[in-house]
1. Run lengths n ≥ 4 of DSSP H only: what is the helix-derived mean residue ellipticity at 222 nm for the chain, with -39500 (n - 2.57) per run over all residues, to the nearest 500?
2. From the phi angles alone, apply the Karplus equation (6.51, -1.76, 1.60; θ = phi - 60°) to segment 197-211 and give each ³J(HN,Hα) in whole Hz, x where the residue is Gly or Pro.
3. Let me know the shape class of segment 226-303, please: from the alpha-carbon gyration tensor, a ≥ b ≥ c as square roots of the eigenvalues, rounded when a/c is under 1.5, otherwise prolate if a/b is greater than b/c, or oblate.
4. Which lysines does residue 296 reach when only Cα atoms under 25 Å apart count, and residues fewer than 8 places away in its own chain are ignored?
5. Magnitude of the Cβ-charge dipole of the chain, K/R +1 and D/E -1, about the Cα centre, nearest 20 debye?
6. Express as a percent, rounded to the nearest 5, the fraction of DSSP beta bridges in the chain (both residues included) that run antiparallel.
7. Pulled fully out, how much extra length does the chain show between residue 400 and residue 5, if you take 0.36 nm times their separation in residues and subtract their Cα-Cα distance?
8. Please give every one of the lysines within straight-line cross-link reach of residue 108, meaning a C-alpha to C-alpha distance under 24 Å, and leave out same-chain neighbours fewer than 8 residues apart.
Amino acid sequence: MLVKNNARAVALATLMQVFGVSAYSNLRLNQELAAAHLNPADDKLATRLVYGTIQYKLFLSYQLRGLVRTKLTESYLEPLLLMSLYQLIFLDKVPAHAVLNEANNLAKQAGKHHSSGYKIVNGILRSFKRRGVILPTEQDSEAYLSIKESMPRWLVAYFKAHWGMARTEKLLASLNQPAKNSIRVSRQADRSQVLAKLTALGYAPQASALATDGVILAHGGIANSALFKAGQLTFQDEAASLVVDAFDFDGTETVLDACSAPGGKTIQIAERLTTGQVLALDLHPKKLRLVQANAKRLGVAAKVKTQACDARQADEFFSDQLFAKILVDAPCSGLGLLRRKPEIRYHTNPQDLINLAAIQLDILNHVSRLLAVGGELVYSTCSISVEENEQVLDQFLQTHPQFELKPFQAGRLTSEDGKLKILPDTNQCDGFFISKITLRG
């Protein structure tokens, strides 16, 4: 039985669930960490082991070539080997003998009674130490980059087709960098006081280069602070926070957030309103409870209403031209979030982009009927694919000539043509697409 009393045991238990039953890495890791009560340093190590192993799974699996001479039948063996390889290759400060010893101990714990799994693990890891890292030949650039950057080959080819090989190399390398510790300071808080408290707590806050309300922290752990619990700040990537900036609010509007959960942008909208109100929709009531909880923590619950509703049926529930502002932050592949959610790269395929684009266009077709004349509709995704962004928008405008693109300012960025794509390698942030359209009078 695996005793989850240290970082590696927690990481292994998490990876077994992620690789075995496709559990969400962030949810499962949070559950394991909450149960284990590790110290902050071990929390950090477990987190790095989980996300690093998932992120480099293709690369790490490739390293097992020629070393595995028996079928890995027990569920712990592959995750343990990959996690151990990750440490040997990427964690320079961890001695190799410590990695092997911990791997042997974990194999003995996790294996079935009288299992010889620890001998398999020990043999494979020692063979790898003698042989070292292997990669495909660089003559096949797509195969080489696929393994080197641990990205499915179809995605390498996709990036190459749209941005060329030189940009693809930069983009792939960027997507394997650690995500920044990005937060947004509430507009209802005193920003200077919040920054002073963050400095005193050792977070070394730095202003975002993109988002006017954004702040980059030197390290994580802010969720346990009084500042977070009091609703003076919240988690939000720099690029994500630009979406709401694209609107021009006067504060009195009735606003629709058509795809709200978990509510980060709903709350942002509410902070911009004085007498106005935002209605948050989501298909699942459980997710709307999360929106309500976040709105309460941030002190804007009075300005937020929620309703369980499929955005593709919103025009059946509400009157035409009811809303002055509408946000469609559409469900998407999440290809802009590969730093934060590395497993997305393994669970997404080209057909998903086409299927999602059809859903996104359907949402736009229905929700747009609710926009008032002269109103603003912002369409955004956390994907960088052309299918989910430019193509969806172009198809919508072709069949809805009464709408037109409108220039906008978002944080410190400007879009002259009403469209803005943020690639992760440009500012080392999440990838996002933001567009703004208006209904002609």
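1. -14500 deg cm²/dmol
2. 5, 4, 5, 5, 7, x, 8, 6, x, 10, 5, 5, 7, 10, 9
3. rounded
4. 197, 229, 265, 286, 287, 305, 325
5. 2020 debye
6. Within the chain, antiparallel bridges account for around 60 percent of the total.
7. Working it through step by step, the gained length comes to 136.3 nm.
8. In chain and number order, the partners are 4, 57, 71, 119, 129.
The values are calculated or read from the model by the stated rules, or taken from the named source; none is laboratory data. This is a predicted model, so every value here is computed, not measured. Reconstructed Cβ throughout: ideal geometry from the backbone, glycine too, with neighbour counts over all protein chains shown. Calculation scope for accessible area: heavy atoms of the full protein, side chains included, ligands and nucleic acids excluded. Shrake-Rupley method; radii C 1.70, N 1.55, O 1.52, S 1.80 Å.
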